[in-house]
Amino acid sequence: MLIRPATVDDIPALMAIASESPSAGHWTEKQYEVALTSAHPQRVLLVLEDQTVILGFTVAAEAAGEWELENLAVATASRRQGLADRLLSALLERLRQRQAQVVHLEVRQSNAAARALYQKRGFGEVGRRPGYYHHPSEDAILYKKILS
């Protein structure tokens with residue numbers, strides 16, 4: 001398996017994986033294209049592939065010197081194999097290489113698997129946004145990690 005920077009050619013696979021994940025951000029093709037081609041905001045978008053098949057991806061954006069994990073998703077058939085952990089670890093390493101100091105994220109309160117992963121990787125809960133998510137309505141739990 002290989003983790004590499006995403007390209008514009010990967011967009012259909014990213015959209016397909018996100019569509020399988022109700023808790024993932026569902027971006028349009030144009031939003032992915034902008035994320036991959038625009039210099040501002042600065043972004044890191046990684047894919048995990050196995051023999052040219054993309055099994056998952058993650059994306060983070062820089063804002064005011066801090067980073068936000070915008071999306072992390074793994075194909076349904078490839079879940080429960082540690083791939084999200086591998087992607088998150090690779091993303092955090094790339095952010096450290098860019099001298100990132102802080103990473104923020106938000107996650108649905110009910111997404112126990114994601115919350116366990118983030119806590120395992122050293123993210124601490126720092127707040128809540130009541131009713132932030134819709135369909136269904138649910139609180140967002142806010143996490144933060146200080147990188148050293």
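Skipping prolines and chain starts, which residues have an amide H placed within reach, meaning under 5 Å, of the one on VAL102, given they are 5 or more residues away or on another chain?
Long-range HN contacts for VAL102: TRP67, LEU147.
In nanometres, what is the gap between the two model label sites at SER148 and ARG98, each 7 Å from Cα along Cα-to-Cβ?
Going from the SER148 label point to the ARG98 one covers 2.3 nm.
Normalised by the residues of the chain, what does the relative contact order come to in percent, with Cα pairs under 8 Å and at least six apart?
Details: 257 pairs, mean separation 27.8, N = 148.
Over the chain, the number comes to 19 percent.
Quick one: what are the phi-derived ³J(HN,Hα) couplings along the range 53-67, Karplus 6.51/-1.76/1.60 with θ = phi - 60°, whole Hz, x for glycine and proline?
Taking θ as phi minus 60°, the curve returns 9, 7, 9, x, 7, 8, 9, 9, 10, 8, 8, 6, x, 10, 10 Hz for the range 53-67.
In nm², what is the average projected area of the convex hull enclosing the Cα atoms of the chain?
Values: hull surface 34.0 nm².
Directional mean of the projected Cα hull area for the chain stands at 8.5 nm².
What number comes out for the charge environment of ALA100, summing +1 per Lys or Arg and -1 per Asp or Glu over other residues with Cβ under 9 Å away? Walk me through the numbers before you get to the answer.
Working: positive: ARG94, ARG96, ARG98; negative: GLU62, GLU66.
Once positives and negatives cancel, what remains is +1.
List the residues, sorted by chain then number, that are 5 or more residues from GLN42 or on another chain and whose placed amide H is less than 5 Å from its amide H.
When sequence neighbours closer than 5 places are left aside, the close amide H contacts are GLU62.
Go ahead and estimate [θ] at 222 nm for the chain from helices alone: -39,500 (n - 2.57) per DSSP H run with n ≥ 4, summed, over the residue count, rounded to 500.
On the way: 4 runs with 42 residues, N = 148.
Theoretical 222 nm ellipticity from helices: -8500 deg cm²/dmol.
I need the phi-derived Karplus couplings for the range 103-111: 6.51 cos²θ - 1.76 cosθ + 1.60, θ = phi - 60°, integer Hz, Gly and Pro marked x.
10, 10, 7, 9, 8, 4, 4, 7, 7
Using 0.36 nm per residue, how much length does the chain from ASP85 to GLU29 gain when fully extended, once their Cα-Cα distance is taken away? The partial results should precede the final answer.
Working: separation 56, 0.36 × 56 = 20.16 nm, distance 2.55 nm.
Gain on extension, ASP85 to GLU29, equals 17.6 nm.
Where both partners of a DSSP beta bridge lie in the range 2-146, what percent of those bridges are antiparallel, to the nearest 5? All intermediate terms of the calculation are to be shown ahead of the outcome.
Values: 33 of 35 bridges.
Taking every DSSP beta bridge within the range 2-146, about 95 percent pair in antiparallel fashion.
For the range 72-148, report the % of Cα-Cα distances exceeding 22 Å. Display every interim value, and only then the final one.
Working: 836 of 2926 pairs.
Taking all Cα-Cα pairs of the range 72-148, the fraction more than 22 Å apart is 29 percent.
Run the simple label-point estimate for ASP139 and THR76 please: 7 Å along Cα→C-beta, distance reported in nm.
3.0
Provide, in order from the shortest bin, the percent of all Cα-Cα pairs of the range 20-89 in each 10 Å bin, continuing until the bin that contains the maximum pair distance.
19, 51, 27, 3
Starting from the amide H of SER23, placed 1.01 Å from N in the peptide plane, find each other amide H under 5 Å away whose residue is 5 or more places distant or on another chain.
Distant-sequence amide H within range of SER23: zero hits.
Taken together, the values in this text are just the output of simple stated rules run on the coordinates, not laboratory data. It should be emphasised that the depicted structure is a prediction, and the values quoted were computed from it without experimental measurement. All Cβ positions, glycine included, derive from the backbone under ideal geometry; neighbour counts span all protein chains shown.
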